[in-house]
Amino acid sequence: MTDDELSLLVSTGLQTFLTSGRISTPLTSMDLLLALISFRPSTSASGLTMPRLTDLPRVEKVLEALSSGWDHGSILLSHEGGELHITDVHLGSSRVLEAINPRKRKRAPIDEDADSAAGNNPDEISSSNGENDSFISMNTPLGSLCRDLKEVYAILQKSTAKGRLLAERFRSVNGGFEPICTYITKVDCAKSRSEADPANPNPPFCNLLHFRPLIRPHTDPSLGHCSYLNTCYSEPTYSQSPSITPFPPGTGARVSLPSGLGAGGRGKEKAPCRYLHFEIDWDEKDGPLAPIDSWRTQRSKKPFKIELGMGPDGRNMQVLPPQWINCDLRRFDYSVLGKFHVIMADPPWDIHMSLPYGTMTDDEMRAMPIPALQDEGLLFLWVTGRAMEVGRECLRVWGYTRVDEVVWVKTNQLQRVIRTGRTGHWLNHTKEHMLVGVKTRTDAAGNLTFPSWANRGLDTDVIVSEVRETSRKPDEVYGLIERMCPGGRKIEIFGRKHNTRPGWLTLGNQLGQDQIYEEDLAARIKARYPERFVTVSGQAMITR
């Protein structure tokens with residue numbers, strides 16, 4: 001795509017997005033680029049190829065050019081924290097705007113006292129805002145504000161030095177992302193582009209990600225897409241899930257899967273799924289794919305010289321390999337574990353539905369010895385359905401105050417919102433909630449005190465991520481928690497083998513042989529449970 005084509009696409013996209021209400025200011029240049037990637041113009045820009053994420057510097061260059069002169073209106077930009085922000089946009093002919101509110105060379109009178117109180121140089125204010133006063137005074141969100149409120153608004157849009165340092169420290173270095181074509185297959189994509197441009201009967205498909213249908217002997221394409229796609233129990237790929245424990249090699253046993261829970265009520269032991277399933281349609285000529293596990297290869301940054309965002313351990317932070325203990329969580333002695341800064345739990349709530357795993361009653365959940373694991377810290381509790389109310393009650397019983405809530409919006413393999421009907425009595429649930437609680441501790445005045453080491457304001461409260469096998473939560477939640485609390489001791493309760501991660505101790509009843517790297521923890525477990533076989537730093541410890 002040439003620079004002129006990209007400029008046309010940005011200009012057309014801005015007009016379309018703002019008039020349709022798809023976007024609103026303020027927004028970042030990355031927000032605009034993501035909107036442009038999925039944009040399908042019906043105007044003279046319809047024949048253009050869509051940009052990629054790597055085109056962000058070019059898009060910002062186009063925005064800079066348009067801010068100095070745009071035939072369709074005016075754009076106000078600002079640079080904050082290394083990002084380009086579109087502060088305000090006013091649509092309309094630039095000539096009309098100039099005639100209504102012409103730019104003057106003479107600076108307007110300034111309230112010297114107000115400027116002095118704000119600590120700003122009047123000349124700096126004039127130079128930064130003067131060129132855009134012509135359209136800010138028009139009927140826009142900023143246009144209805146007085147001068148002082150405009151300055152307050154500009155200050156509020158600026159991040160603090162601490163916020164910028166924290167954002168830079170935890171910035172994703174290899175955040176690969178491959179947008180998916182809304183037409184799914186290359187054939188349908190090319191067909192839609194041909195209909196949009198009759199002059200080009202054989203247009204190429206777009207450069208977004210596509211899928212190809214898996215047509216097997218038992219597949220009936222007329223039935224449409226399987227509701228579960230790659231999470232269908234009938235799919236061979238499902239048996240490769242790390243959550244399903246394989247049989248010992250050489251036994252010749254089949255993988256055991258839940259029955260009666262697949263698409264159309266079919267399980268793997270009963271009948272294969274006849275609905276359409278998909279796999280990624282990628283050829284070498286399509287270009288490189290973003291690595292699925294690119295988050296694992298993030299470059300580690302040197303810590304700041306000041307104690308900023310480094311967690312409870314500061315510069316002495318040490319991340320141990322994954323640890324886990326296989327146990328009955330209802331009867332295990334939690335006192336041997338010690339204290340933790342972070343607790344995450346995904347309990348098997350009794351949500352009054354048929355589930356492929358055992359559940360715990362409300363009374364059993366209230367009796368969980370969670371308070372023994374923490375004197376100060378954070379608790380992240382997954383809830384859904386009726387457990388949303390029970391979970392809040394458990395927080396109070398355990399001695400926590402709910403301070404926030406994270407919502408996981410579930411998407412399927414094709415990045416559509418799921419509508420499987422596996423949960424929900426009245427509506428199909430397409431989301432789950434994670435309650436965020438802080439250990440209730442108050443100061444002398446009775447005010448709630450928060451951990452001084454917690455990094456606040458880094459992430460949003462919404463995660464949009466693809467569902468996988470039953471009960472498996474998105475990996476993004478671990479990044480959110482580890483940014484909020486770098487280092488420190490972390491424990492996950494009701495975990496499975498796929499939940500084990502460096503820096504975390506996982507408790508569950510499907511984890512296999514224990515693995516412990518903390519020698520003092522291993523010693524306490526060994527003293528309390530002499531018959532247990534424990535692996536410590538690669539050395540087996542057992543007491544007979």
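The values are calculated or read from the model by the stated rules, or taken from the named source; none is laboratory data. Keep in mind that this is a model prediction, so the values were computed, not measured. We place every Cβ from the backbone using ideal geometry, glycine too, and count neighbours over all the protein chains shown. The accessibility values were calculated without ligands, DNA or RNA, using every heavy atom of the protein model including side chains. Shrake-Rupley method; radii C 1.70, N 1.55, O 1.52, S 1.80 Å.
Quick check, is THR49 modelled with pLDDT under 80 and either more than 30 Å from ASN200 (Cα to Cα) or buried (at least 16 other Cβ atoms within 10 Å of the Cβ) (or both)?
It is false that THR49 is modelled with pLDDT under 80 and either more than 30 Å from ASN200 (Cα to Cα) or buried (at least 16 other Cβ atoms within 10 Å of the Cβ) (or both).
Would you check if there is a residue in region 378-390 being of a type in the set (Lys, Arg) and out of contact with any helix residue (DSSP H, G or I) (no Cβ under 6 Å at 6 or more places or on another chain)?
Taking every residue of region 378-390 in turn, at least one turns out to be of a type in the set (Lys, Arg) and out of contact with any helix residue (DSSP H, G or I) (no Cβ under 6 Å at 6 or more places or on another chain).
Looking at GLY437, is it more than 21 Å from ARG489 (Cα to Cα) and surrounded by 15 or more Cβ atoms within 10 Å (Cβ to Cβ)?
Here the answer is no, as GLY437 does not meet what is asked.
If you check every pair at least six apart or on different chains, which have Cβ atoms under 8 Å apart with a residue in region 393-406 that is modelled with pLDDT of 95 or more first and a residue that is open to solvent by 60 Å² or more (accessible area, probe 1.4 Å) and of a type in the set (A, V, I, L, M) second?
Sorted first by the residue in region 393-406, then by its partner, the pairs are VAL406/VAL462.
Looking at the structure I just gave you, is ASP350 open to solvent by 60 Å² or more (accessible area, probe 1.4 Å) and out of contact with any helix residue (DSSP H, G or I) (no Cβ under 6 Å at 6 or more places or on another chain)?
Criteria not met by ASP350.
Would you check if there is a residue in region 297-307 being at pLDDT 75 or above, assigned to a loop (DSSP other than H, G, I, E, B) and open to solvent by 30 Å² or more (accessible area, probe 1.4 Å)?
Looking through region 297-307, none of the residues is at pLDDT 75 or above, assigned to a loop (DSSP other than H, G, I, E, B) and open to solvent by 30 Å² or more (accessible area, probe 1.4 Å).
Out of all the residues in region 440-465, which are of a type in the set (Gly, Ala, Ser) and either exposed (fewer than 14 other Cβ atoms within 10 Å of the Cβ) or within 25 Å of TRP349 (Cα to Cα) (or both)?
Across region 440-465, the qualifying residues are ALA444, ALA445, GLY446, SER452, GLY457, SER465.
Does ILE525 satisfy the condition of being surrounded by 19 or more Cβ atoms within 10 Å (Cβ to Cβ), over 20 Å from VAL342 (Cβ atoms) and at pLDDT 90 or above?
yes
Quick check on TRP382: is it at pLDDT 85 or above, open to solvent by less than 20 Å² (accessible area, probe 1.4 Å) and not in a loop (DSSP other than H, G, I, E, B)?
The answer is yes for TRP382.
Could you pull out the residue among ARG483, ARG468, ARG472, ARG489 that is open to solvent by 10 Å² or more (accessible area, probe 1.4 Å), under 21 Å from PRO312 (Cα atoms), more than 13 Å from the chain's Cα centre (by Cα) and not acidic (Asp, Glu)?
The unique qualifying residue is ARG489.
Would you be able to say whether some residue in region 389-410 is more than 27 Å from the chain's Cα centre (by Cα), open to solvent by less than 70 Å² (accessible area, probe 1.4 Å) and at positive phi?
Yes, region 389-410 contains a residue that is more than 27 Å from the chain's Cα centre (by Cα), open to solvent by less than 70 Å² (accessible area, probe 1.4 Å) and at positive phi.
So that you can scan it fast, the table gives a plain yes or no per residue for (1) at pLDDT below 90; (2) farther than 30 Å from ILE180 by Cβ:
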{"site": "ALA444", "(1), (2)": "yes, yes"}
{"site": "THR449", "(1), (2)": "yes, yes"}
{"site": "LEU458", "(1), (2)": "yes, no"}
{"site": "ASP461", "(1), (2)": "no, no"}
{"site": "VAL467", "(1), (2)": "yes, no"}
{"site": "ILE481", "(1), (2)": "no, no"}
{"site": "HIS498", "(1), (2)": "yes, no"}
{"site": "VAL534", "(1), (2)": "yes, yes"}
{"site": "ILE542", "(1), (2)": "yes, yes"}
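Of the residues TYR183, TYR233, only one is at pLDDT 60 or above, part of a loop (DSSP other than H, G, I, E, B), within 30 Å of MET30 (Cα to Cα) and among the hydroxyl-bearing types (Ser, Thr, Tyr); which?
Being at pLDDT 60 or above, part of a loop (DSSP other than H, G, I, E, B), within 30 Å of MET30 (Cα to Cα) and among the hydroxyl-bearing types (Ser, Thr, Tyr) holds for just one of TYR183, TYR233, which is TYR183.
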